[in-house]
1. Has segment 122-131 got any residue that is modelled with pLDDT under 95, of a type in the set (D, E, K, R), touching a His at 6+ places or on another chain (Cβ under 8 Å) and not in a helix (DSSP H, G or I)?
2. Looking only at segment 87-100, which residues are of a type outside the set (D, E, K, R) and surrounded by fewer than 19 Cβ atoms within 10 Å (Cβ to Cβ)?
3. Checking the structure you have, find out if any residue of segment 33-44 is at pLDDT below 90, assigned to a loop (DSSP other than H, G, I, E, B) and not small (Gly, Ala, Ser).
Amino acid sequence: MSISPIDLQHMLARLSQNKIRQPAGLVEQIVITPADLREKKLHDRILAECTARGWIALHGSMAQPTARTIGEPDFVILADSGRTFLVECKRTKGGKVRPEQAALLAWANKLGHKATVCRSFEEFLKFVEGE
């Protein structure tokens, strides 16, 4: 999947006007589903693996949408030998990648970075080990 610079700019402009994104500080009742727990377990395993390898894992909160860049992946991992991995985690079934997430991952790949969506810990290991 690829996206042109103009398409990316247009998409980001549309997203900045998205009324679905909640303003900072808005408190909502959070409902945790079994699928959320599966994704949290995947996040926890990835964090533990990064720690064991001595990597730096920049990780956002799962409780709310990121307050940083729209479409930013769950993990930006600074690994050994100057490698950087961008990883978006989704639960095994039913976890859909939002268009802004797909666009950011595609753009990062186009720029030569390693970016992907992982639905299991095994997928994550294959990705970082280059298989």
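1. no
2. Of everything in segment 87-100, those that are of a type outside the set (D, E, K, R) and surrounded by fewer than 19 Cβ atoms within 10 Å (Cβ to Cβ) turn out to be THR92, GLY94, GLY95, VAL97, PRO99.
3. Yes; the residues of segment 33-44 include at least one that is at pLDDT below 90, assigned to a loop (DSSP other than H, G, I, E, B) and not small (Gly, Ala, Ser).
The values are calculated or read from the model by the stated rules, or taken from the named source; none is laboratory data. Since we're looking at a predicted model, the values are computed, not measured. Cβ coordinates were reconstructed from backbone atoms using ideal geometry, including for glycine residues, and neighbour counts include every protein chain displayed.
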